[in-house]
Amino acid sequence: MFADRKAQVLKALNRSTEAYSILQRLQVHCEKTKYTEVVIRVMLSTAELHWESSGFSTALPLLLQALALAKRHHLQSLASETILHLAFTQLMLGVPEHALSVLHEAIEPVLAHGSVMDKGRASLLMARCQMAVAGFRPNGQGQADLHLAVLAVDTLNEAAAYFSKLSCKERLRDVHYLQAQLHRSLGQTAQCNKSAMLFRLLDQELQSPAPPVSMRL
């Protein structure tokens, strides 16, 4: 829908207030005309706007409402996408255990029916949740849960395989960055060096600053 695309463009231009206004008007219109799928997509876009200003707690009730709506109307694909948004929000709110629990509900449908990009995004988010629940710290401090950390290694490998199929270098750069940190924390020097090298090669090739991995789904 044109209005939703216009809101996305305004968001990209950091004109969040205008984007939010358009999305609100679009949601009201679609609720009146019973365009349930568009209503849910607008809610997801609005939640992403809240993320831009670190308003993760504000996004949470909106996403719960969107999830209830998707389930009520048996919109499996939108329910899975909403769960990914919900899990990301909970991860950013510092409750990775809740995020991981929520993700388990969505991961199978996404891996079975989602696009390759969705499978990669879900796997990358799952790995980040596993790392957080394991107690992983980028600075290497603290004792991580070894079992979950090893699971995260496997999940990152799966994410890399999906993104490689698409030659999605921006996402592969994110994966290699996390792999290098995780291998270093596990004392796996050779793997750490390999991942760090792959990250640097992609970083040089892309010639654009890498956005913080933690701030995008």
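The values are calculated or read from the model by the stated rules, or taken from the named source; none is laboratory data. For clarity, every value in this text was computed on a predicted model and none was experimentally measured. Quick reminder, even Gly has a Cβ in these numbers, built from the backbone with ideal geometry, and neighbours come from all protein chains shown.
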Suppose we keep only residues that are without any contact (Cβ under 8 Å) to a residue 40 or more places away in the chain and among the hydroxyl-bearing types (Ser, Thr, Tyr) within the range 148-166. Which one would you say is nearest to Leu198 (Cα to Cα)?
Ser164
Among (1) touching a His at 6+ places or on another chain (Cβ under 9 Å); (2) at pLDDT below 85 - the single one Ala47 does not satisfy:
(2)
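Every residue, every condition in (1) part of a loop (DSSP other than H, G, I, E, B); (2) in contact (Cβ under 8 Å) with a residue 60 or more places away in the chain; (3) among the small types (Gly, Ala, Ser); (4) in contact with a Lys or Arg (Cβ under 9 Å, 6 or more places away or on another chain), yes or no:
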residue: Val38; (1), (2), (3), (4): no, no, no, no
residue: Leu44; (1), (2), (3), (4): no, no, no, no
residue: Ala47; (1), (2), (3), (4): no, no, yes, no
residue: Gln65; (1), (2), (3), (4): no, no, no, no
residue: Ala99; (1), (2), (3), (4): no, no, yes, yes
residue: Ala106; (1), (2), (3), (4): no, no, yes, no
Any pair with Cβ under 9 angstrom, 6 or more apart, that starts in the range 189-211 at a residue that is in a helix (DSSP H, G or I) and ends at one that is among the hydroxyl-bearing types (Ser, Thr, Tyr):
Cys192/Ser185; Ser195/Tyr177; Ala196/Tyr177; Phe199/Tyr177; Asp203/Tyr177
Which residues, taken from the range 178-210, are modelled with pLDDT under 95, surrounded by 14 or more Cβ atoms within 10 Å (Cβ to Cβ) and of a type in the set (Ser, Thr, Tyr)?
Ser185
Looking only at the range 71-96, filter to residues that are hydroxyl-bearing (Ser, Thr, Tyr) and at pLDDT below 95; which one of those is nearest to the chain's Cα centre (by Cα)?
Ser80
Residue under question is Leu172, and the condition is that it be surrounded by 13 or more Cβ atoms within 10 Å (Cβ to Cβ) and out of contact with any Ser or Thr (no Cβ under 7 Å at 6 or more places or on another chain); does it hold?
no
Within the range 118-128, is even one residue more than 16 Å from Ala160 (Cα to Cα), among the small types (Gly, Ala, Ser) and in contact (Cβ under 8 Å) with a residue 24 or more places away in the chain?
no
Would you pick out the residues in the range 135-176 that are modelled with pLDDT under 95 and either of a type in the set (Phe, Trp, Tyr) or not in a helix (DSSP H, G or I) (or both)?
Gly135, Phe136, Arg137, Pro138, Asn139, Gly140, Gln141, Gly142, Gln143, Ala144, Asp145
One residue from Ala106, Ala99, Ala68 being among the aliphatic types (A, V, I, L, M), surrounded by 15 or more Cβ atoms within 10 Å (Cβ to Cβ) and modelled with pLDDT of 95 or more:
Ala99
